[in-house]
Amino acid sequence: MRIGDELIYRAKDTDASQRVQLLAVEEAKRPVRYRIVFLNAAEDEERELSVPGVRLRGPWSSVVEYDELMANWDRLRDLELTEGEDSACYMVFDELIAGEVASIESKPVKWTTRIRDRAAFEQIIGASALETITQELPSFETDEGLYLSPKGTLAVAETLASKRPAPFLEWVDLDERECKTRSKYGREFRDSTINERRGTSPEWEFEQYQQRDRPLHELLRAWCGHRAVTLYERLAAAEAEVLRLTEVTTQVINQLQRLEHTQAAWLLERELEEGRITPWNYRSVVNRPLRPDEIPVQYVNRPRRWG
């Protein structure tokens, strides 16, 4: 910017563009400030101001293009996400989308999605899903990428979570276990500000769970879908039941050994190990039929028949 240039001035992104002229650069101040004069100011308004550089948005000759761009950004201000929605969206994006493909942006509109590589993004979410989002929700495209509104960001996160629910359901399960422990015993941590260990009460942890953790857990489950949640919980319950029965059987074997029923304990332990069902032996093995000469001969003893 040079002295005498006519510039676009906006105190806020949502304000109207004003025409100003640069009078001086106040380099002695930190950060640097700029003295401007408003060319279209009313008589009762202040004509000269010292302003930071972020309020000067570019040359006045490009005001039409700039206003059109800011109007597009205004269209994207369709929703303010809750804390749970914010955390869930970032979790899904961090898990499934590389930063060079797409990311959640905070400026100039918070929670918008910037898609840098549309082809790669369509491979992740599906071309039809992205087309539906752009048709039903506000969006616009520039040389820097395709931008989606906060509602579009929510739609993307929900679609991706429903396609790949496993990591999120696993995280919810583990986090709920931690919340259960903290709500029962509290939590200790080191406060870096005073370099001392501090603790929280179970009551405080339970309140935090209700306000922050539980809404996030329920939202992720809803995004993953009822079928995925049910399948995951059935598998998790089956694994937990196997562990429980293994512990019970081990206790029975130890009790038999203490009672000197060693033969029964040995048989039960061998059956437990040799008959264990694992992912490697669960599937049925289909073999070709045996030829007559491959069938082993079986001898059957018959009692003598007297005629």
> Can we say V51 is touching an Asp or Glu at 6+ places or on another chain (Cβ under 9 Å) and not hydroxyl-bearing (S, T, Y)?
Replying inline: no
> Taking T230 and the conditions (1) in contact with a helix residue (DSSP H, G or I) (Cβ under 9 Å, 6 or more places away or on another chain); (2) within 30 Å of Y90 (Cα to Cα), which numbered condition does it fall short on, given that it satisfies the others?
Replying inline: (1)
> Within the range 142-155, can one find any residue that is over 20 Å from A222 (Cβ atoms), among the aliphatic types (A, V, I, L, M) and in contact (Cβ under 8 Å) with a residue 60 or more places away in the chain?
Replying inline: yes
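Restricting attention to the range 232-247, which residues are hydrophobic (A, V, I, L, M, F, W, C) and touching a Leu at 6+ places or on another chain (Cβ under 9 Å)?
Of everything in the range 232-247, just one residue is hydrophobic (A, V, I, L, M, F, W, C) and touching a Leu at 6+ places or on another chain (Cβ under 9 Å), namely A236.
Criterion first (closer than 19 Å to G84 by Cα and either touching a residue at least 40 places away in the same chain (Cβ under 8 Å) or of a type outside the set (S, T, Y) (or both)) does L219 satisfy it?
So L219 passes the test.
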> Which is of a type in the set (D, E, K, R) and under 30 Å from A88 (Cα atoms), of R276, R270, R198?
Replying inline: R198
> Looking at (1) among the small types (G, A, S); (2) farther than 30 Å from P167 by Cβ; (3) at pLDDT 90 or above, which is the one condition that is false for G225?
Replying inline: (2)
>> Step by step: first the residues of the range 223-267, then only those that are surrounded by 14 or more Cβ atoms within 10 Å (Cβ to Cβ) and under 30 Å from A155 (Cβ atoms), then the one that is farthest from the chain's Cα centre (by Cα). Which residue is that?
In response: L231
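Does the range 183-201 contain any residue that is in a helix (DSSP H, G or I), over 20 Å from the mean Cα position of the chain (by Cα) and either within 30 Å of T278 (Cβ to Cβ) or not hydroxyl-bearing (S, T, Y) (or both)?
yes
Within the range 232-253, track down each residue that is more than 13 Å from D173 (Cβ to Cβ) and of a type outside the set (D, E). Talk me through it step by step, then tell me what you get.
Our first condition is that a residue be more than 13 Å from D173 (Cβ to Cβ); within the range 232-253, this holds for 238, 241-253.
Once the filter is applied, which keeps residues that are more than 13 Å from D173 (Cβ to Cβ) and of a type outside the set (D, E), the range 232-253 yields A238, V242, L243, R244, L245, T246, V248, T249, T250, Q251, V252, I253.
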> Residues in the range 254-268: is at least one within 30 Å of E170 (Cβ to Cβ), of a type outside the set (S, T, N, Q), without any contact (Cβ under 8 Å) to a residue 24 or more places away in the chain and assigned to a helix (DSSP H, G or I)?
Replying inline: no
> Applying the selection to the range 80-127, what residues are touching a Lys or Arg at 6+ places or on another chain (Cβ under 7 Å) and crowded, with 16+ Cβ neighbours inside 10 Å?
Replying inline: L96, V101, A102, S103, E105, V109
> Across the range 269-280, what is the number of residues that are under 30 Å from Q257 (Cα atoms) and in a loop (DSSP other than H, G, I, E, B)?
Replying inline: 4
>> I'd like to check something: does the range 141-154 contain any residue that is touching a helix residue (DSSP H, G or I) at 6+ places or on another chain (Cβ under 8 Å), small (G, A, S), in a helix (DSSP H, G or I) and buried (at least 19 other Cβ atoms within 10 Å of the Cβ)?
In response: yes
> Can you tell which of V64, V54 is at pLDDT 90 or above, β-branched (V, I, T) and out of contact with any strand residue (DSSP E or B) (no Cβ under 9 Å at 6 or more places or on another chain)?
Replying inline: V64
> Among the residues of the range 178-185, is any of a type in the set (G, A, S) and either surrounded by 16 or more Cβ atoms within 10 Å (Cβ to Cβ) or under 30 Å from A240 (Cα atoms) (or both)?
Replying inline: yes
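The values are calculated or read from the model by the stated rules, or taken from the named source; none is laboratory data. The shown structure was predicted, so the numbers you read here are calculated from the model rather than taken from an experiment. Glycine gets a Cβ as well: all are built from the backbone with ideal geometry, and neighbour counts include every protein chain shown.
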